[in-house]
Ligand code: GLU
């Protein structure tokens, strides 16, 4: 059976690293076995869902390269929910209840006060048809609960957490539909997972207890539940995901010069103790993706790690991938020469400036000045197409006896205006010969 996974965001905000990690892991899980990855927009909450968020989600996934093999939208599928809902009502698996939020809260407090778990007491199940009629006549509208089967223990083998056991007697019958007819996420999600042929549901561990009730929904709907796996939540470097990190979207990372490949490489391993593989090849990440490598401890997301991985990625990006982002005129040789020195692609601009000039060199003492004058004379006579750095330093070493830093540093400073930077052997041929001679002579 082909693996079919889905990413099911609610379009009530922009994606943050935690959501993106879930999307990526579902993508990797599907790609690993040549399966399918689907996007499902969970927009049953009409009030909080926004079209610009839907578009932002699509744009973020595209930017990250997380292509999907199909898209569904819950708001377009309500006919189906209605049908399945009626079926479950007829089977007695869904019932009407009328308690207000305050009444439920009071019930919970009483139970907790007695040291009992705050489980819904199913009072509404005892209402007779006459009671319902009376409530309707009084203008009360019911909301709807799913009736858990107390005689059917809930178990599953979680792909990350291992064997899971839940006693339905210890759980409240979940509310699945509000009095205004709108849907809560649980039942539509199970209906969709069945219709979309989802084989694996991989999501955050905040959904574990939802899974327990949803497993009974799958069964009530006549389907075999998919495999489930729940990932430990993401935390920031100092505990839980900070407000700031939670609010950072992909556009913010893009603005900081973070490349999508860096986000993919880091998040692919976040939650395992495996080293990050700063590869550009997402298919290779999929091949080695393995749920059993994920632990139950919260996964720490550290922005400093992201910047480190980003630099490694930038060092590997081929010219074709970055050409449109580089300054006018900057070619492949220049990119290859300077990319090992970049943390972000836009720094290429600074080194291109160093190559094309003008640059600001430091003031040198007389002795160094004399050395550089000699260097200028030698440089003027070199064949610039044949490793001029080697030829220049070789000749200067011979004639001045200088070596090491004494030899290289003044040359680098005069030629680039910097103490550090790309390999001079790669950089020098990119600086025009006349320009190099001028920099050494001035
Ligand atoms: N829309 C739900 C959420 O964002 C989906 C959870 C799920 O993957 O089933 O939490």
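Along the Cα-to-Cβ line of residue 232, 7 Å from the Cα, sits a label point; which residues in the range 18-40 have backbone N less than 20 Å from it? Under cut-off, by backbone N: 18-26. In whole angstrom, the range 355-441 maps to an equivalent ellipsoid with semi-axes of 16, 15, 12, each derived as √(5λ) from the alpha carbon gyration tensor and ordered largest first. Computed from the C-beta positions of residue 349 and residue 288 and an R0 of 56 Å, the FRET efficiency is 0.95 to the nearest 0.05.
Equivalent-ellipsoid semi-axes (√(5λ), Cα gyration tensor) for the range 233-326, whole Å, largest first? Working shown, then result.
Numbers: eigenvalues 111, 68, 17 Å².
The three semi-axes for the range 233-326 are 24, 18, 9 Å.
What do you get for the angle between helix 186-195 and the principal long axis of the chain? Use alpha-carbon atoms, 0 to 90 degrees, nearest ten. In the chain, helix 186-195 runs at an angle near 70 degrees to the longest axis.
For the range 1-138, the alpha-carbon coordinates run over 56, 37, 34 Å along the three principal axes, in decreasing order.
So if each residue of separation counts as 0.36 nm, and I subtract the Cα-Cα distance between residue 167 and residue 2, what length gain in nm does that give?
Numbers: separation 165, 0.36 × 165 = 59.40 nm, distance 3.16 nm.
Answer, rounded to one decimal: 56.2 nm.
On a 0 to 90° scale, report how tilted helix 17-32 is relative to the longest principal axis of the chain, with both axes built from alpha carbons and the result rounded to the nearest 10. Between helix and principal axis, roughly 90 degrees. Take the Cβ-Cβ distance between residue 441 and residue 420 as r, set R0 to 35 Å, and report the resulting FRET efficiency rounded to the nearest 0.05. For residue 441 and residue 420, the calculated efficiency is 0.90.
Can you give the relative contact order of the chain as a percent, counting alpha carbon pairs under 8 Å and 6+ residues apart?
Values: 635 pairs, mean separation 58.3, N = 442.
The value is 13 percent.
The calculated FRET efficiency for residue 100 paired with residue 50, based on their beta-carbon distance and R0 = 41 Å, is about 0.90. Look at where the Cα atoms of the range 202-233 and of the range 361-388 average out, and the two centres are 71 Å apart. Relative contact order of the range 128-173: 31 percent, from C-alpha pairs under 8 Å at least 6 residues apart in sequence. You can think of it this way: the chain between residue 272 and residue 83 has 63.8 nm of extra reach, that is 0.36 nm per residue less the Cα-Cα gap. Please give the helix 51-64 orientation as an angle from the longest Cα principal axis of the chain, in degrees from 0 to 90, rounded to the nearest 10. Approximately 50 degrees, to the nearest ten. Picking from 179, 297, 101, which is most flexible by a Gaussian network model of the chain using Cα springs under 10 Å? The residue that fluctuates most here is 101.
What's the whole-number percent of alpha carbon pairs in the range 110-231 lying beyond 18 angstrom? Please list the in-between numbers first.
Values: 4432 of 7381 pairs.
In whole percent, the share of Cα-Cα pairs in the range 110-231 beyond 18 Å is 60.
Dividing the helix sum by the residues of the chain, where each DSSP H run of 4 or more adds -39500 (n - 2.57), gives a mean residue ellipticity at 222 nm of -13500 deg cm²/dmol. Based on the convex hull around the alpha carbon atoms, the chain presents an average projected area of 28.6 nm².
Relative contact order, whole percent, for the range 231-382 stands at 22, derived from Cα pairs under 8 Å and 6 or more residues apart. Ordering 397, 32 from the fewest to the most neighbouring beta carbons within 10 Å gives 397, 32. DSSP beta bridges confined to the chain are antiparallel in about 50 percent of cases.
What per residue convex hull volume, in Å³, do the alpha-carbon atoms of the range 280-416 yield? Intermediate values should be presented prior to the final figure.
Details: hull volume 26.0 nm³, N = 137.
For the range 280-416, the hull spanned by Cα atoms encloses 189 Å³ per residue.
Footprinting exposure proxy ranking of 156, 183, fewest other C-beta atoms within 10 angstrom first, gives 156, 183.
By the count of other C-beta atoms within 10 Å, a proxy for reagent exposure, 14, 109 are ordered fewest to most as 109, 14.
Every number in this text was worked out from the coordinates using simple rules, so none of it is lab data. Everything numeric in this text was worked out from a predicted model, so none of it was measured. Virtual Cβ from ideal backbone geometry, glycine too; neighbours counted across all protein chains shown.
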